[in-house]
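Reviewing the structure listed below.
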Amino acid sequence: MATQTESSAAGSGKAKEKKSQEEIYGEFQQLRNQQRNLVNNLNTIDMDLKEHKTVIDTLKTVDASRKCFRLIGGVLVEQTVGVVLPQLEQNRTQLEKLIEEGKEQITKKGMEINSFKDEYNISVRGQEAATPAAASEKDAGEEKASANRNVLVGDL
């Protein structure tokens, strides 16, 4: 009888351990998804900022009393360049602040992910090894593989 109880306790211990690993994996994936969402939002805001800059540069060359149209909340509004330009410049300033805050949030989330990885000893496939020999092997492998793939890297 004692052996059956011990084996069932050991079996439930393994199930508990496996469940905790699944929970850790789920939390890690959630953190990574949050970071991806932050990056996507930052990219969207960055595109809006570029559009604002283009429009501002164009409107600066136009007479301030000239008619222009602006889409606000899905409604096309007729205004003058003199009215729209200051609003766009204010929006540009706010977008720049949002981008800086977004970069800080992404950095904080990255630090949170790294501490989570260190706490639970998580390693991700495809990440470089810590040893210098492995790093030099990786560099040699990248030279061969770079001819076979295209990579686009953006600076946030």
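The values are calculated or read from the model by the stated rules, or taken from the named source; none is laboratory data. Source: prediction; values computed, not measured. All Cβ positions, glycine included, derive from the backbone under ideal geometry; neighbour counts span all protein chains shown. Note: accessible area is taken over every heavy atom of the protein model, side chains too, but ligands, DNA and RNA are not part of it. Shrake-Rupley method; radii C 1.70, N 1.55, O 1.52, S 1.80 Å.
Candidates are the residues of region 68-84 that are free of Cβ contacts under 8 Å to residues at least 24 places away in the same chain and outside any strand (DSSP E or B); the one that is least open to solvent (accessible area, probe 1.4 Å) is Val81. Looking across region 106-125 at every residue that is modelled with pLDDT of 95 or more and open to solvent by 100 Å² or more (accessible area, probe 1.4 Å), the one that is nearest to the chain's Cα centre (by Cα) is identified as Lys108.
Filtering region 95-105 down to residues that are charged (D, E, K, R) and open to solvent by 80 Å² or more (accessible area, probe 1.4 Å), which residue is nearest to the chain's Cα centre (by Cα)? Give the derivation first.
Looking only at region 95-105, we keep the residues that are charged (D, E, K, R), and these are 96-97, 100-101, 103-104.
If we keep only those that are open to solvent by 80 Å² or more (accessible area, probe 1.4 Å) as well, we get 97, 100-101, 104.
On the way: Lys97: 17, Glu100: 13, Glu101: 13, Glu104: 11 Å.
So the residue we want is Glu104.
Do we find that Gly74 is over 30 Å from Arg32 (Cβ atoms) and over 31 Å from the mean Cα position of the chain (by Cα) in this structure? Answer is no for this residue. Within region 31-62, the only residue that satisfies the criterion of being surrounded by 12 or more Cβ atoms within 10 Å (Cβ to Cβ) and outside any helix (DSSP H, G or I) is Val62.
Answer with yes or no whether Ser65 is hydroxyl-bearing (Ser, Thr, Tyr), at pLDDT below 95 and either part of a helix (DSSP H, G or I) or open to solvent by 60 Å² or more (accessible area, probe 1.4 Å) (or both). When the stated conditions are applied, Ser65 does not pass them. Against the list (1) in a strand (DSSP E or B); (2) open to solvent by less than 70 Å² (accessible area, probe 1.4 Å), the condition Arg92 fails is (1).
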